[in-house]
Structures are given as structure tokens and as C-alpha cells.
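Here's the structure, in C-alpha cells; my notes come after.
The values are calculated or read from the model by the stated rules, or taken from the named source; none is laboratory data. This is a predicted model, so every value here is computed, not measured. Please note: Cβ atoms are built from the backbone with ideal geometry, for glycine as well, and neighbour counts cover all protein chains shown. What goes into the accessible areas is simple: the full protein's heavy atoms, side chains included, and nothing from ligands, DNA or RNA. Shrake-Rupley method; radii C 1.70, N 1.55, O 1.52, S 1.80 Å.
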Amino acid sequence: MKPQSKCLKQIFTASIMSLCLALPQAYAGEHIVIDDFSHSNTTVAGFERQYMNDTLAGGSTVTEQVITEGVLQVTGDIVPPRGQPGWASSVIPLSPMGVPFDASAYEGIKLKVRVNQGNLTISANSTDITNFDYHAAPVIVSTDGKFHEVKVPFTDMKRAWSEQTALNTHTINSLSIVAYSLQKARFKFELDEVSFY
């Protein structure tokens, strides 16, 4: 390798490492906004949101996401795969793929959400978990057409089918807001803000 390209590689590597180490400090404080949906494709930290549903596992769920005036609107029809629950997930990254984010300074996740139809959960997706059974909790709000502030403590988040272990808040890579149903069902919800508290 030429000395110049070796030097550039070292500078690039150092820059990436500095960015990854600085991310938790950039978020530090009593309350940190993870996403306020002010950008059409990315979070406030510049990470691209991801949307997926059970079509990855043989289902036929249809989902539509639209951001209007800083509010994410998610609607769709859940058509579960045979013998499994159906789902549609909105994934909010906290750091680059595979890089853990340290949320240990916070107690939990806060959502400003309006649920018009359907069931929701929130999961904290840790890089420690390898079987996709992330720590999750239901999002329970009245379907009264109003936005509600919902706080979900990390200690209330549980795994569905795996051994119950404490969530390692030093290793959260993303959050997922998931609409789900055991049978065909319509869902509609809106998110105004996602934060740690």
C-alpha cells in the first residue's frame, strides 16, 4: 500500500471512530429527541428510517408511510402469514448499522403518538440480540383521535419467546414501532416525536 493511501485510510478510520464515539455525547441530556419527523427520510441525527413488514416472512401485509408537517402517518392492512402474527414495522436507527448506541443515561422511550386503529408495540433493538426477539412493550393509548404522550420504561420491556434477560441499554442500535395482529386487520397511527427520557 502506498504511504499516501495508508495515511488516508488511517484518517478515514479515525474520523469514523470519532463520529461513533461522539454520538452518545451529542445526545446527552435529560431528554433527547430521536426523531421529530422534520425530515422526509432521515432522523434528526441523519440516519435513514426503514420500513418493513411480514412480506419478509410470507405474509401479505400492505403498508403506506407518509410524512406531513412533521408527523409520520402509517396506515395499512395486516394479512398475516399462516400460523404467525402479521406486522408492519417503522425502524428508527440511533447509530450506523451494527454500531451500538449507549442509552444508559436514560430511563426509557417516550412517544407522542395518535392511534386511530390497531395494536402497537415499541422495541429497543440491541446488538446483543441475535434472534430478532428484541425487548418490547405494548403502546397503550385511547383511540380518541388525540395525540398522547406515552412513556415506556426500559425495565418494562420484555422478550417474547426467549429467555428473559435485562435490556442492555449500552447496546441499542435502533427502535421499532410495530403494528401487529393475529388476524387480518386494518391499522392507522401517527407519530409526532420519539425520544429518550
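Here are the numbers:
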| read-out | value |
| --- | --- |
| Identity of the residue in the stretch 126-180, in contact with a strand residue (DSSP E or B) (Cβ under 7 Å, 6 or more places away or on another chain) and aromatic (F, W, Y), that ends up surrounded by the fewest Cβ atoms within 10 Å (Cβ to Cβ) | F147 |
| Condition check for E149: in a strand (DSSP E or B), farther than 30 Å from S60 by Cβ and not basic (K, R) | yes |
| Given (1) in contact with a helix residue (DSSP H, G or I) (Cβ under 9 Å, 6 or more places away or on another chain); (2) more than 21 Å from Q84 (Cα to Cα); (3) among the hydrophobic types (A, V, I, L, M, F, W, C), number of the condition A137 does not satisfy | (2) |
| Residue list for the stretch 52-111, restricted to those being of a type in the set (D, E, K, R) and open to solvent by 10 Å² or more (accessible area, probe 1.4 Å) | E64, E69, D77, R82, D102, E107, K110 |
| Residue check, K188 within 22 Å of H39 (Cα to Cα), open to solvent by less than 40 Å² (accessible area, probe 1.4 Å), at pLDDT 95 or above and charged (D, E, K, R) | no |
| Selected residue (only one of T155, T169 is hydroxyl-bearing (S, T, Y), in a loop (DSSP other than H, G, I, E, B) and either modelled with pLDDT of 95 or more or more than 23 Å from T61 (Cβ to Cβ) (or both)) | T169 |
